[in-house]
Amino acid sequence: MISKFETVPIRTKFFTKGTSILAVMAGLGILGYVYRLFFGLEAATNLSNAYPWGIWKTINVVAGVALAAAGFTTAAVADIFHRERYHVLVRPAILTAMLGYTFAVIGLIADLGRYYNIWHPIIPSMWQGDSVLFEVGMCVMMYLCVLYIEFLPTIVEHYRDGVRLPGLLSCLNSLVESLLEVCERYLIRFISLFIIAGVVLSCLHQSSLGALMLVAPTKMHPIWNTPMSPVLFLFSAIAVGFPILIFELILISRTFHRPPPIPLLSNVARYVPVLLGVYLAVRIGDLTLREVWPNVMEGTFASFAFIFEIVVGVILPIILLSRDRLRQSASWLLVGSVLVILGVIVNRVNVFLVAYRPLYAVSPYFPSIIEITVTVGLISIMILIYRFFIVRLPVLPRASQLQSASSEEPKPLATQLKGE
């Protein structure tokens, strides 16, 4: 992604008390991951024939992919709809998406019974076109390649003065410099094509993930057993794209003692109630047309889980982020963003775990300690790598440029949505 702003590394030490705690959790997660690879799913998880998927697929893969939507939403707004002031947000958004999808694949490897066959979709003769996961696998594989290509300009910019790899790796300096020169001269010229491809691929597999549970209609709770599930998954992923970016940038500002670009983030946050409102309207219409409101009011755990998902993850953020005064506060922006993120995670958990009711379950599913450890460990590693990138690579604009972008007078929201 070509930056229209001067991006710089954040010069600070990498290890702090917080990163040390994350490193410990990451180490425990790696141990659990290795244990699973050597001893299998049965020894490491509480999965069974009745519950073939658990938190690894639900949180690491399905929820993780949704929370990585900041990449395609920000790229679409900044580069396709030409909102120039949002270019300051593109590189951190692409980094978020790249790491999110990378660790979704790593989480998927742990979840697969025969993880050593994950490379099969690369070979056309091994394609399984009848599989409900085929389209998801192909799109995720291609989009992950697109994300790494979109992140290449950051690498090229960092090594523009020459590649100086340490130790024995120094023999590769000339080769890496040649490759980066080729990327800068040829590949980056066509970056707009990759941006468009990334948006298309994201829309395809975000919606396809919502179609996964449609293959088991007799085992799904009526609230979530809807043919509108692909549309709902896509809309919720689009709606959470900006909140995850707002969440990250406010935390980065507080962690590295940088002034948060409140006017810019406030302007971005104005889109969120609109997107959530569309999602809520579709959800209410779907429940009404399928006549499942009695299931919502039945007083079971599933109905309470759905009410929590809608009230906390949709209605409250709409109320909070619709008020100009609250959007001018970093704390309220953070609260509103966290609620949207929580709502999407709860939705994925509801669809894949709460709504799923196997016909012959001997006992309910609850994740094992290794499942929890691996999930927390992967999240910790992702945060550490994110910190490493923003400390070492030119990902974030200078604080003064963020403030400069923030100080631009935004157009009315209706005008922005019309593209005028």
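So what's the back-of-envelope 222 nm ellipticity for the chain, counting only DSSP H runs of four-plus at -39500 (n - 2.57) apiece and dividing by all residues, rounded to 500?
So the calculated ellipticity at 222 nm is -19500 deg cm²/dmol.
Give me HIS158, HIS257, HIS120 sorted ascending by neighbouring Cβ count inside 10 Å, so fewest comes first.
By the 10 Å Cβ count, ascending, the order reads HIS257, HIS120, HIS158.
Suppose the chain between ALA281 and MET297 were pulled fully straight at 0.36 nm per residue; how much longer would it get relative to their current alpha carbon spacing?
Here the segment from ALA281 to MET297 would lengthen by 3.9 nm.
Taking the structure as given and computing Rg/Rh (Cα atoms, Kirkwood Rh), which label from [x] 1.21; [y] 0.96; [z] 1.04 fits?
[y]
Kirkwood hydrodynamic radius (Cα pairs, Å) of region 217-361?
Every distinct Cα pair counted, the radius reaches 16.1 Å.
Top mean-square fluctuation among ALA237, ALA97, ALA355, Gaussian network model of the chain, C-alpha springs under 10 Å?
Top of the fluctuation ranking is ALA355.
May I ask you to evaluate 6.51 cos²θ - 1.76 cosθ + 1.60, the Karplus curve with θ = phi - 60°, for each residue of region 300-309 and list the ³J(HN,Hα) values in order in whole Hz, giving x for glycine and proline?
3J(HN,Hα) across region 300-309, in whole Hz: 8, 4, 4, 5, 5, 5, 5, 4, 4, 4.
If I model a spin label as a point 7 Å beyond the Cα along the Cα-Cβ vector, how far apart are those points for VAL362 and SER48 in nm?
0.6 nm
Could you line up THR375, THR255, THR73, THR16 from fewest to most neighbouring Cβ atoms inside 10 Å?
With the fewest neighbours first, THR375, THR255, THR73, THR16 line up as THR16, THR255, THR375, THR73.
Using each residue's phi in region 283-297, evaluate 6.51 cos²θ - 1.76 cosθ + 1.60 at θ = phi - 60° and report the 3J(HN,Hα) Karplus result to the nearest Hz, with x for Gly and Pro.
With coefficients 6.51, -1.76 and 1.60, one gets 5, 5, x, 5, 4, 5, 5, 8, 6, 10, 4, x, 5, 5, 9 Hz.
GNM, the chain, Cα, under 10 Å: largest mean-square fluctuation among GLN128, GLN328, GLN206?
Of the options given, GLN128 has the highest mean-square fluctuation.
Quick one: among TYR116, TYR143, TYR271, which has the greatest mean-square fluctuation in a GNM of the chain with alpha-carbon springs under 10 angstrom?
TYR116
Each reported figure results from applying straightforward, stated rules to the coordinates on display, with no laboratory input. Computed from a prediction, not measured in an experiment: that's the story for all the values here. Cβ sites come from the backbone with ideal geometry, for glycine too, and all protein chains shown count toward neighbours.
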